[in-house]
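The values are calculated or read from the model by the stated rules, or taken from the named source; none is laboratory data. Since the structure is predicted, the reported quantities are computational estimates derived from the model, not experimental observations. Cβ atoms come from the backbone with ideal geometry, glycine included; neighbour counts cover every protein chain shown. Each accessible area value is taken on the protein alone, full model and side chains, heavy atoms only, with ligands, DNA and RNA left out. Shrake-Rupley method; radii C 1.70, N 1.55, O 1.52, S 1.80 Å.
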Amino acid sequence: MAEKPQTSANFSSVPVILLLSLFSLPLLVMYAYLFIDTISDTEVGSLIPSEFTLRHWSFLWETKTGKPNIWLVTLNTFIFASCITGVILTVASMAGYVLSRLNVPARGFFLAGVMVLHAFPSVTLIIAIFIVLQWIGLYNSLIGVILVKAAIDLPLGIWLMKGFYDTVPWEIEMAGTVDGASRFTVWRRLVLPQIKPAMMALGLFSFLTGWSEFILPQVLAPGAKVQVLSVYLASLIIDDNNFDFGTFKAVGVFYVVPVLILYVFFQKHLMNIYGGGTKG
Amino acid sequence: MRILLDKFSKSFGSTKVIEDMELEVGSGEMLALLGPSGCGKSTTLFAVCGIHRPTSGRILFGDRDVTNLPSQERNVGVVFQSYALYPHMTVEENIGFPLMVKRVAAADIKKQVADIAALVHIADLLGRRPAQLSGGQQQRVALARALIRRPDVLLLDEPLANLDAKLRLEMRSEIRRLQKETGITAILVTHDQVEAMSMCDRIAIMKSGEIVQIATPSQMYNDPRTSFVASFLGNPPISFLKGRAEQGAFVLGENGLRLPLSALSGIPDGTSVSLGVRPEHFGTTGGIPIDGKVVFAETQGRENLYDVVLPDGSVLRSIQPVRDDVKMGDSVRWNLDSASAFVFAEDGRRL
Ligand SMILES: Nc1ncnc2c1ncn2[C@@H]1O[C@H](COP(=O)(O)OP(=O)(O)OP(=O)(O)O)[C@@H](O)[C@H]1O
Ligand SMILES: [Mg+2]
């Protein structure tokens, strides 16, 4: 129940805001310069930009030598993040239901297993995964890295979904079955809609972690055809021969814009995450 | 359709909830399952609708054995205590859901929903969601959803528990009206004796997984088989006097009251027995005068309720038409109608 701060606060909020602004000022300035630097040139040692230029954004319309086309990379990143989201949502929504509601054999074992897998640092597996992917021929392919990333993120998703299913009242399912619906229909038509806000949130989080994933694509799919934005960005820093800080920053801004857009459009759903479910 | 539970038992793991229950509900009859919390009423109901599988025993609808039939194939309508409406659907979709899963044509569903909604008087609420309804309206929606499939059996699990007193009264007659109009066999679970007595043809009183007595409301009230049944029915409740049998009479205390009672002939002297006296059988009329002191007086509008302490410390309750001449602390000499009193053995059996 959000109250207006003016009416509920029994202290002045001005000093607090001032203090917070002061502390976050360095970050704000950095962000401002991140953007300003991409559209201007600055004399060495100076803080004031000296001229406006779109030079740093040229990567959008011309492909640099030795680098893949930016639009191909962006498309790859989209495919990568979307597929991960799809796989995680599909598997987690079903597996979470099974673990929450159905009397499957070794349920306790699976629950504990999911928990352990979630706590397991995935980086330690990367060599083994690399060998396995190479062995089955999925090294340097999007499918391979999608499967790996989805598998690593799944335990958390399943656990989250199980938690949300646990809050859906049993009576709804009982009512569904006596109304004549099969267990699948009950899940699909009655239970799943109750956890829609959770699905939205999980989908969004999966997309964002997919979008920002670096290590896995870097190791498992570094090839030019399957490169994603994070790998592309990293390759700009590593490139010592023609290092261009302005371009690096521009690519960074380009990389972060879709994330911001997603947040703007879906923040309502994210806020909803605890407001959903059933009442009374 | 007749419902028969034959040697029905149910246990959860090692806890036995119900053992060898025999219960028959006649076709078109409405039966109340009445009992204290935790006695296994809901468990019985869930077994009838197929949510719980019986541990052993059979369940028959008519002559058909449905023991191993999943609930989808039993054609029962259930109203859950919490109503269990589907929160994301409108009232119309809620009521139509049982038909939708049967793949009835959309136009047909619409028509049948409209019919049943008129029957339970919610025709103007079809576009709303459950969260936008009052408790009584939700209750009607749940009822409509249970009835729309024309079930063989209607099961109601404390359907009135969440309603206020006035609405409860209204819905009581409403449910009874619908049950009679549709001629459906119904089981009503409740722990409210007034509800059970006013709505049902017969009452089955349960205590820790067993049916203690099954009879019509008036039979049950006038001829309880055990002290548990007697104490469960009646409001204000019956009061008990503890005493012993002596030469065919009930004796209270050392040199106190002597009540000659026919039920006590043939009982050996000195046997501990208790006497159950309903509040309406202790008052200004009746056979045997008893002295006591009023320790509690309460007016209920039309009637007054008094608690009277007898010299030995036991308490008798009395309900009488409103009068102003008796106050708390007064000594009174009222009469007990010994013919209407019940005598129970120490283990609660009626003598
Ligand atoms: N799933 C279960 N697992 C273990 N014990 C259970 C389970 N369901 C019910 N019980 C036990 O069975 C007994 C009867 O439960 P039931 O729900 O039938 O009671 P009830 O008569 O409906 O009570 P109330 O009036 O409170 O609803 C209780 O003691 C309860 O603890
Ligand atoms: Mg119950």
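Quick check: net charge around A:S100, other residues with Cβ under 14 Å of its Cβ, Lys/Arg +1 and Asp/Glu -1?
Counting the neighbours of A:S100, the net charge comes to +2.
Please list, short to long, the whole-number percent of alpha-carbon pairs of chain B in consecutive 20 angstrom bins beginning at zero.
26, 46, 24, 4
Kindly state, to the nearest 0.05, the FRET efficiency for A:F52 paired with A:M30, given R0 = 25 Å and r defined as their beta-carbon distance.
Computed FRET efficiency for A:F52 and A:M30: 0.75.
Can you pick out the pairs among B:K242/B:K293; B:K10/B:K207; B:K180/B:K207 whose Cα atoms lie more than 26 Å from each other?
Those over the limit are B:K180/B:K207.
Using a 10 Å cut-off on Cβ to Cβ distances, tally the other chain neighbours for every residue of A:178-191 and report the average as a whole number.
6
Given R₀ = 25 Å, what would the calculated FRET efficiency be for B:A118 paired with B:L169, taking r from the Cβ atoms and rounding to 0.05?
It comes to 0.65.
Where does the protein assembly as shown land at 222 nm, in deg cm²/dmol rounded to the nearest 500, when only DSSP H runs of n ≥ 4 count, each adding -39500 (n - 2.57), divided by all residues?
It lands at -13500 deg cm²/dmol.
Quick one: accessible surface of A:F11, probe radius 1.4 Å, all protein chains present, in square angstrom to the nearest 10.
Near enough 130 Å² of accessible area.
Within chain A, how many lysine pairs that are 8 or more places apart, or on different chains, have C-alpha atoms less than 24 Å apart?
Lysine pairs, 8 or more places apart or on different chains, close enough: 15.
Taking a ≥ b ≥ c as the square roots of the Cα gyration tensor eigenvalues, with a/c under 1.5 meaning rounded and otherwise prolate when a/b beats b/c, else oblate, which class fits the range A:126-280?
Since a/c reaches 1.5 but b/c is at least a/b, the shape of the range A:126-280 is classed as oblate.
Subtract the Cα-Cα distance of B:R150 and B:E73 from 0.36 nm times their separation in residues, and report this length gain in nm to one decimal.
Going from the current span to full extension adds 26.4 nm.
If I stretch the segment between A:V44 and A:A106 completely, what's the gain in nm (0.36 nm per residue apart, minus their alpha carbon distance), one decimal?
15.8 nm
On a 0 to 90 degree scale, rounded to 10, what angle separates helix B:91-100 from the longest Cα axis of chain B?
So the helix axis and the longest Cα principal axis differ by about 70 degrees.
How large is the accessible surface of B:E73 in square angstrom, using a 1.4 angstrom probe and rounding to the nearest 10?
Roughly 110 Å² of B:E73 is accessible to a 1.4 Å probe.
When the label point is put 7 Å from the Cα of A:D244 along its Cα-to-beta-carbon vector, which residues of the range A:67-100 have a backbone N closer than 20 Å?
Output list for this probe position: A:67-75.
Taking 7 Å along the Cα-to-C-beta vector as the label spot, tell me the B:D108-B:D312 distance in nanometres, rounded to one decimal.
7.0
Hey, got the average number of other protein chain Cβ atoms within 10 angstrom for residues in B:61-71?
What the average comes to for B:61-71 is 1.
Around B:N68, what is the net charge, scoring Lys/Arg as +1 and Asp/Glu as -1 over all other residues with Cβ under 12 Å from its Cβ?
Net local charge, B:N68 excluded: +2.
Based on alpha-carbon atoms only, what is the radius of gyration of the range A:151-201 relative to the globular estimate 2.2 N^0.38 Å?
1.25
Normalise the Cα radius of gyration of the range B:1-106 by 2.2 N^0.38 Å (N = residues in it) and let me know the number.
Compactness ratio reported: 1.20.
Between chains B and A, what is the buried accessible area in Å², counting both sides, with a 1.4 Å probe and ligands, DNA and RNA left out, to the nearest 100?
1700
Over all residues in B:77-88, what is the mean tally of Cβ atoms on other chains that come within 10 Å of each residue's Cβ?
Per residue, the average neighbour count from other chains is 6.
According to the square roots a ≥ b ≥ c of the eigenvalues of the Cα gyration tensor, what is the shape class of the protein assembly as shown, taking rounded for a/c under 1.5, prolate for a/b larger than b/c otherwise, and oblate for the remainder?
The shape class here is prolate.
Among B:K207, A:K64, what's the order by accessible area (1.4 angstrom probe), most exposed first?
Solvent-accessible surface, decreasing: B:K207, A:K64.
Tally Lys and Arg at +1 and Asp and Glu at -1 over the other residues with C-beta under 14 Å from the C-beta of B:T216: what net charge comes out?
-1
When only the heavy atoms of the protein chains count and the probe is 1.4 Å, how do A:E43, B:E158 rank by accessible area, highest first?
Result of the area sort, largest leading: A:E43, B:E158.
Could you look at the range B:258-320 and say what percent of its accessible area is carbon and sulfur, using a 1.4 Å probe and all protein chains?
For the range B:258-320, the apolar C and S fraction of the accessible surface comes to 53 percent.
Per the Cauchy relation, a quarter of the hull surface: what is the mean projected area of the convex hull of the alpha carbons in the range B:142-210, in nm²?
Quarter of the Cα hull surface area: 5.0 nm².
Taking 56 Å as R0, compute the FRET efficiency from the Cβ-Cβ separation of A:R183 and B:D223 and round it to 0.05.
0.75
What's the Cα-based Rg to Rh of chain A, Rh via Kirkwood?
1.06
How much accessible area per residue does chain B have, in Å², with a 1.4 Å probe?
Accessible area per residue, chain B: 44 Å².
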